[in-house]
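Everything below concerns the one structure shown next.
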Amino acid sequence: MGVLSQVVLLPLAPVRGVVWIAERMRDIAEEELCHPSVLRARLAALNEALESGAIGPEEFDREEDRLLDLLERSGGREGKARVSTP
């Protein structure tokens, strides 16, 4: 960026900072929700709900498929931290 464009875009710096922070917060929340240990705990709770009769087999199958897909996609991320800078 040239000096002129930096001067012109300077008033937008706080907005860009807020957007960057919001994106990082979203990324961290997604990682925490899709962490393999969290997904395994949700699968265990789902099995308990089926056994207790709180949910039916159709709902169980639908939710189990969704959780297993998430677990498969997040399997390689366990123990890895992502760090990025603005």
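The values are calculated or read from the model by the stated rules, or taken from the named source; none is laboratory data. Owing to the predicted nature of the structure, the values given are computational and were not obtained by experimental measurement. Ideal geometry is used to build each Cβ from the backbone, glycine not excepted, and the neighbour counts take in all protein chains shown. Just so you know, the surface numbers come from the protein's heavy atoms only, side chains and all, with ligands and any DNA or RNA stripped out. Shrake-Rupley method; radii C 1.70, N 1.55, O 1.52, S 1.80 Å.
Of note:
- Close Cβ contacts (under 6 Å, 6 or more residues apart or on different chains) running from residues in the range 49-67 that are in contact (Cβ under 8 Å) with a residue 12 or more places away in the chain to residues that are part of a helix (DSSP H, G or I) and open to solvent by 80 Å² or more (accessible area, probe 1.4 Å) comprise Leu67/Arg42.
- Within the range 12-38, residues that are closer than 17 Å to Leu70 by Cα and in a helix (DSSP H, G or I) reach partners that are modelled with pLDDT of 85 or more and among the β-branched types (Val, Ile, Thr) with beta carbons closer than 8 Å, at six or more positions or on different chains, in the pairs Glu32/Val38.
- Unique match (being under 15 Å from the mean Cα position of the chain (by Cα), hydrophobic (A, V, I, L, M, F, W, C) and open to solvent by less than 70 Å² (accessible area, probe 1.4 Å)) among Ala29, Ala13: Ala29
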